[in-house]
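Remarks on the structure that follows.
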Amino acid sequence: MKLLVTGGAGFIGSNFILYMLEHHQGYDIINLDNLTYAGNLENLTSVSGNKHYSFIKGDIADARLVGDILNNGVDAVINFAAESHVDRSILEPASFIRTNVLGTQILLDSAKEKHISRFIQISTDEVYGSLGTEGRFTETTCLHPNSPYSASKASADMIALAYHETFHMPVLITRTSNNYGPYQFPEKLLPLAITNLLEGKHVPLYGDGLNVRDWIFVTDNAEAIDLVLHKGREGEVYNIGAGNESTNISLLKTVVKLMGKPESLITYVKDRPGHDKRYAIDPSKTMNMLGWSSRTSLDRGLKTTIDWYEKNREWWQRVKSGEYMKYYKKNYSAKGLKTQ
Ligand code: NAD
Ligand code: TYD
């Protein structure tokens, strides 16, 4: 197969590319990413010389570029490209609407025109909104997004499903809970906490710390997406989650303990506006229909992740200092340039 992975220089996209190249020898992967602050080709250094992998710097909203890429025998599009951080969406929603909504629609149009045989839209459990203390999100839970980020992702989901109904496009959607693992940008809770603790700094905890998230190790998500790509039914949504619900305070206390740091480094700060109280995913459909189950317990995943950030200080120090961006500005400025 030849895959177009968009947003492949980000956290989940790069982990997915590494997973696919390891598990599907012979597959060709084109990574289209416009390298926003969240895109980092250093995540993919280990495969930059692989003849089955290529990188193109460009925007999913650039219809001509996407059309040219799809002309080269692409079988499937897996769309990870997005603005992905809730706090940024509160400060500056416009780029979220542009990339997550308009970008997805343009990508869908190009895929429709070229009769691509599979289009996987990578979505999030946040489209379902916030839960009380009971119940979990299923694929039929009504969408009730509360942040500009989740509203933009819910819009993209609706448009993608409409393209399936109206144009019979082979669209499939994955909705995943909070991912964690190597190469996650240190603005999200876990990499921010781990790297701050490694630097001896405080870890900001929003509000009362009792918001609940449902955590999944990123490689388990990659495996589920691989199954959706190969075995999923067109027009269907697949929830992906590992059943690891935790309050933020409890999660941070575990991290602090695993790292041998004092709990006093956890600092309560002002809450995020519109902060969703609880997410919890019911992944039964994906488990029953596709034979998937998560392999990584939260305890093992956290140890692996902490270990990775301890051993890869240069990676996150370059991200935190902004050095990685300077490098790209110098080397990867030409639009659409094939660089790896
Ligand atoms: P990320 O922010 O780490 O990566 C996003 C990538 O998309 C970056 O490499 C960025 O450069 C690229 N990008 C942004 N705009 C682009 C554009 N217009 N054209 C081309 N590339 C563009 O995000 P992530 O955490 O890896 O998330 C990937 C996908 O998974 C997103 O769609 C997100 O909504 C979804 N998701 C993430 C999580 C999570 O916990 N991180 C959970 C559920 C779903
Ligand atoms: P985050 O990693 O931003 O993911 P999301 O908002 O998509 O769930 O945040 C995870 C949880 O941690 C969320 O409840 C907000 C909270 N949080 C903090 O308490 N402190 C922080 O510094 C950050 C970034 C998040």
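The values are calculated or read from the model by the stated rules, or taken from the named source; none is laboratory data. Remember, predicted model here, so these are calculated numbers, not experimental data. Because the Cβ atoms are built from the backbone with ideal geometry, glycine has one as well, and the counts that use them run over all protein chains shown. For the accessible areas, the whole protein counts, side chains as well, though only heavy atoms, and no ligand, DNA or RNA atoms are used. Shrake-Rupley method; radii C 1.70, N 1.55, O 1.52, S 1.80 Å.
From the list GLU165, GLU134, pick out the single residue that is open to solvent by 70 Å² or more (accessible area, probe 1.4 Å) and closer than 15 Å to GLN105 by Cα. So that I can check it myself, show each step before the final result.
On the way: GLU134 fails: closer than 15 Å to GLN105 by Cα.
The unique qualifying residue is GLU165.
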Output the residue which, of all residues in the stretch 184-207 that are near ligand 1 (Cβ under 8 Å from one of its atoms) and in contact with a Phe, Trp or Tyr (Cβ under 7 Å, 6 or more places away or on another chain), is farthest from ASN221 (Cα to Cα). PHE185
Among (1) closer than 25 Å to TYR149 by Cβ; (2) open to solvent by less than 20 Å² (accessible area, probe 1.4 Å), which single condition is LYS320 missing? (2)
Filter result for the condition that a residue is touching a Gly at 6+ places or on another chain (Cβ under 8 Å), within 15 Å of ligand 1 (Cβ to nearest atom) and modelled with pLDDT of 95 or more, over ILE281, ILE240, ILE225: ILE281
Residues of the stretch 267-291 that turn out to be within 13 Å of ligand 2 (Cβ to nearest atom), closer than 17 Å to ASP220 by Cβ and in a loop (DSSP other than H, G, I, E, B), as a count: 2
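Identify, please: which residue in the stretch 14-52 is in a strand (DSSP E or B) and open to solvent by 10 Å² or more (accessible area, probe 1.4 Å) and is, among those, nearest to ligand 1 (Cβ to nearest atom)?
Selected residue: ASP33.
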Among the residues of the stretch 89-103, is there at least one that is within 16 Å of ligand 2 (Cβ to nearest atom) and part of a loop (DSSP other than H, G, I, E, B)? yes
Residue that is within 12 Å of ligand 1 (Cβ to nearest atom) and open to solvent by 50 Å² or more (accessible area, probe 1.4 Å), where the choices are ILE69, ILE90, ILE60, ILE97: ILE97
